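Trainee: If you scroll down you'll find the structure; I have some questions about it.
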Amino acid sequence: MNTFLNCQHDPDKRVASGMRPTGPLHIGHYFGALKNWVEMQHELESFFFVVDWHALTSNYEDTSGIGEYVESMVKDWLAVGIDPEVSAIYLQSHMPELAELNLLLGMVTPLGWLERCPTYKEQLQNIVGKDLTNYGFLGYPVLMAADIIIVRARWVPVGIDQEPHLELSREIARRFNNFYGNVFPEPQARLTPSPKCPGLDGRKMSKSYDNGIFLTDSIKSLTPKVRGMLTDKNRLRRTDPGNPDECNLYPYHELLTDAPTREKIREGCASAAMGCVECKQIMIDGLKRFLEPIQERRARIDAKPNCVRDVIMAGNEKARREIVLTMQAVRQAMKIGYYR
Ligand code: TRP
């Protein structure tokens, strides 16, 4: 039991997760994360935040897009069904206490932990044309730990790629608790069963590859996008049998198409009874069914001028109630709460 908090709260009932506002959301974001958030919010007390400071760690030179992406990301969240009445939706940069906790956690985080973090090493190597030898980039996982533990959440719904960060968050929380007493629950990833959602060209779906299907893509634009997709490359002629497991399009049927139809597709492909054009049409129809209601909600949100601002203000307030309590406990535990 936490000795420094005089509030009743069960960390096992709480989730926290964030997303960087670096571009429009595509269906990979939906199936890989948001779908899970939407489901979890009804079971658990949910804190979902836009990590705009994290967007700065690698995009500090050109910050011009961030504001716009914050706005469109929150709209997308609402459009897919994140409910601001049940979940706290807020903005990282509106929580100055996060900067304070980030600083304090920085005192107990050994440099070696950060330097050895696999995502850090990988990005330092792979991202060319950007100087990432800055303090903020190295400290990315410290700020992420702060995001999670400042609301004392146990569960963090993320994709498997974030596991190293979660492990660091746990270690940082544990080290803090060892030094100063038990303030923080140790966070755990609630791994999103990451469905395969490749980009249109078979590479990872990403804005920078221009190979995505975005939640805001017009219904009209879907047909040419899907028609242009590569399928099983061994299926050269209409009469050649194909293999759905070698096809870049088939994984979408796992997400968008019902099981009996999928069975028909698998059989039809393997026996050459069904051609790629027909199979693509089924995907186009599935995408339309999936995106239409989201886009209808999005249009209603777009029509309300201050919608995002209002949602964020309300979410900030909910989050701040928890954050203020945490920070009181932190200062008390560290014995630096004097004259407050
Ligand atoms: N690192 C996460 C990502 O790139 C974003 C993130 C920042 C986050 N803070 C977080 C995710 C806290 C979950 C919880 O996807």
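The values are calculated or read from the model by the stated rules, or taken from the named source; none is laboratory data. Treat the numbers as computed from the prediction; the structure is a model and nothing was measured. Don't worry about glycine lacking a Cβ; one is built from the backbone with ideal geometry, like all the others, and counts go over all protein chains shown.
Trainee: Looking at region 254-273, can you tell me whether even one residue there is buried (at least 18 other Cβ atoms within 10 Å of the Cβ), hydroxyl-bearing (Ser, Thr, Tyr) and at pLDDT 95 or above?
Mentor: yes
Trainee: Oh, and also: Pick out the one residue from Arg14, Arg20 that is basic (Lys, Arg) and touching a residue at least 60 places away in the same chain (Cβ under 8 Å).
Mentor: Arg14
Trainee: Moving on to the next point. Give me the pairs: first residue in region 55-70 and assigned by TED's automatic domain parsing to the domain that holds Asn134 and touching a residue at least 12 places away in the same chain (Cβ under 8 Å), second residue in a loop (DSSP other than H, G, I, E, B) and aliphatic (A, V, I, L, M), beta-carbon distance under 8 Å, and six or more apart or on different chains, which are they?
Mentor: Qualifying pairs under 8 Å: Ser58/Ile127; Ser58/Leu132.
Trainee: A further question on this structure: Could you please let me know if Val128 is out of contact with any helix residue (DSSP H, G or I) (no Cβ under 8 Å at 6 or more places or on another chain), outside any helix (DSSP H, G or I) and either more than 12 Å from the ligand (Cβ to nearest atom) or under 18 Å from Ala329 (Cα atoms) (or both)?
Mentor: Criteria met by Val128.
Trainee: Taking the condition in the same structural domain as Asn316 (by TED's automatic domain parsing) and more than 10 Å from the ligand (Cβ to nearest atom), does Gly23 pass?
Mentor: yes
Trainee: How about region 221-246: which of its residues are in contact (Cβ under 8 Å) with a residue 24 or more places away in the chain and of a type in the set (Ser, Thr, Tyr)?
Mentor: Thr223, Thr231, Thr239
Trainee: Among helices (runs of 4 or more DSSP H) lying entirely in region 1-80, which contain 3 or more residues that are crowded, with 17+ Cβ neighbours inside 10 Å and β-branched (Val, Ile, Thr)?
Mentor: Per the criteria, 66-80.
Trainee: Does Lys220 satisfy the criteria of being surrounded by fewer than 14 Cβ atoms within 10 Å (Cβ to Cβ) and of a type outside the set (Asp, Glu)?
Mentor: Yes, satisfied.
Trainee: Which residue, of Glu292, Glu278, Glu296, is of a type in the set (Asp, Glu), modelled with pLDDT of 95 or more and farther than 17 Å from Ile219 by Cα?
Mentor: Glu278
Trainee: Please go through region 28-54 and give me each residue that is within 14 Å of the ligand (Cβ to nearest atom), of a type outside the set (Phe, Trp, Tyr) and within 12 Å of the chain's Cα centre (by Cα), ordered by number.
Mentor: Gly28, His29, Gly32, Ala33, Leu34, Asn36, Val50, Val51 - these are the residues of region 28-54 that are within 14 Å of the ligand (Cβ to nearest atom), of a type outside the set (Phe, Trp, Tyr) and within 12 Å of the chain's Cα centre (by Cα).
Trainee: So, one more: List, please: which pairs have Cβ atoms under 7 Å, are six or more places apart or on different chains, and start with a residue in region 148-161 that is touching a residue at least 60 places away in the same chain (Cβ under 8 Å) and over 16 Å from His42 (Cα atoms) and end with one that is in a strand (DSSP E or B) and within 8 Å of the ligand (Cβ to nearest atom)?
Mentor: As it stands, the answer is Ile148/Ala16; Ile148/Val156; Val151/Ala16; Val158/Ser17, since those pairs meet every condition given.
Trainee: Then there's this: If you go through region 55-70 one residue at a time, how many are more than 15 Å from the ligand (Cβ to nearest atom), in contact with a helix residue (DSSP H, G or I) (Cβ under 8 Å, 6 or more places away or on another chain) and not polar (S, T, N, Q)?
Mentor: Counting residues in region 55-70 that are more than 15 Å from the ligand (Cβ to nearest atom), in contact with a helix residue (DSSP H, G or I) (Cβ under 8 Å, 6 or more places away or on another chain) and not polar (S, T, N, Q) gives 1.
Trainee: For region 37-52, enumerate the residues that are aromatic (Phe, Trp, Tyr) and farther than 10 Å from Arg14 by Cβ.
Mentor: Trp37, Phe48, Phe49
Trainee: Out of the residues in region 81-101 that are hydroxyl-bearing (Ser, Thr, Tyr) and buried (at least 22 other Cβ atoms within 10 Å of the Cβ), state the one that is nearest to Val51 (Cα to Cα).
Mentor: Only one residue tops the list, namely Tyr90.
Trainee: On the basis of being in contact with a His (Cβ under 9 Å, 6 or more places away or on another chain), surrounded by 18 or more Cβ atoms within 10 Å (Cβ to Cβ) and of a type outside the set (Lys, Arg), does Ile312 make the cut?
Mentor: In short, yes.
Trainee: Out of region 147-164, which residues are assigned to a helix (DSSP H, G or I), surrounded by fewer than 22 Cβ atoms within 10 Å (Cβ to Cβ) and within 8 Å of the ligand (Cβ to nearest atom)?
Mentor: Within region 147-164, Asp161, Gln162 meet the criteria.
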